[in-house]
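The next block holds one structure in the form of structure tokens; read it before the comments.
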């Protein structure tokens, strides 16, 4: 076992499934003690992170067992709804899960961060580009990307804070062929390990001079200019 993270304490929100589960498993495989909070039932702290009292109970749960926390990974998914269907309350819920909860969780642990602590917020390539009817999710992801550099400045000397913006990540590790794959310049769809590997790098000493940054991991998709009629691309409406 690579024990680079042996003796470290990592927190992963939304860690019961998908990218969050992969991140939690990779930390554990490398020796860290991992605490997951998720709304899904399972062998972890179960709770809705949109609720202040749940976040406080989770922080108490972790701090009753450890004096210090090394890594906080804010990964939980906000609600995905667009302007036509998303209600006021649903939009507020998306922001609570995607922005307020990460802010408050960091605030709760701010006085208990270990030397060399690292915080990684999971944003999305949708923080810079959109499809129709995605407002609740996109606003939350844009918010956490901006929150990242604000926290990096406020926590200077206490923790490094970075964000990752995944593109298309297939949480079932499905291998795609044809246009689904080649629309990414990297030639494939991403998988959770693509994100987990970067999370662990950003939490390692190798990333000691990186803070306040957003790293987009999307196979180059957001860097490819698209014009109707160019390189076989056509727009149909």
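Since every read-out is calculated from the coordinates, none of them should be taken as a lab result. Because the structure is predicted, anything quoted here is derived from the model rather than measured. Cβ sites come from the backbone with ideal geometry, for glycine too, and all protein chains shown count toward neighbours.
The stretch between residue 201 and residue 89 holds 36.6 nm of extra length on full extension. This uses 0.36 nm per residue minus the Cα-Cα distance.
With R₀ fixed at 41 Å, the C-beta to C-beta distance from residue 176 to residue 104 puts the FRET efficiency at about 0.65.
Which order do the peptides 186-198, 135-147, 213-225 come out in when sorted by mean C-beta neighbours inside 10 angstrom, highest first?
Working: 186-198: 18.5, 135-147: 21.9, 213-225: 15.9.
For the peptides 186-198, 135-147, 213-225, the packing ranking is 135-147, 186-198, 213-225.
Measuring spread by the Cα atoms of the chain yields a radius of gyration and Dmax of 18.1, 61 Å. Treating each Cα of the range 2-84 as an identical point scatterer and summing with the Debye formula, the log10 of I(q)/I(0) at q = 0.13, 0.14 Å⁻¹ comes to -0.41, -0.47.
Could you list log10 I(q)/I(0) for the range 168-219 at q = 0.13, 0.24, 0.28, 0.30 Å⁻¹, which the Debye formula gives when each Cα is one point scatterer? Reported log10 I(q)/I(0), two decimals: -0.39, -0.89, -1.05, -1.13. The long axis of helix 135-154 is offset from the longest Cα principal axis of the chain by roughly 50 degrees. Computed from Cα positions, the angle between helix 52-63 and the longest principal axis of the chain comes to roughly 60 degrees. Which shape class, rounded, prolate or oblate, goes with the range 118-237 when its Cα gyration tensor gives a ≥ b ≥ c as root eigenvalues, a/c under 1.5 marks rounded, and past that a/b bigger than b/c marks prolate? Since a/c reaches 1.5 and a/b is larger than b/c, the shape of the range 118-237 is classed as prolate.
In the chain, helices alone account for a calculated mean residue ellipticity at 222 nm of -10000 deg cm²/dmol, with every DSSP H run of four or more residues adding -39,500 (n - 2.57).
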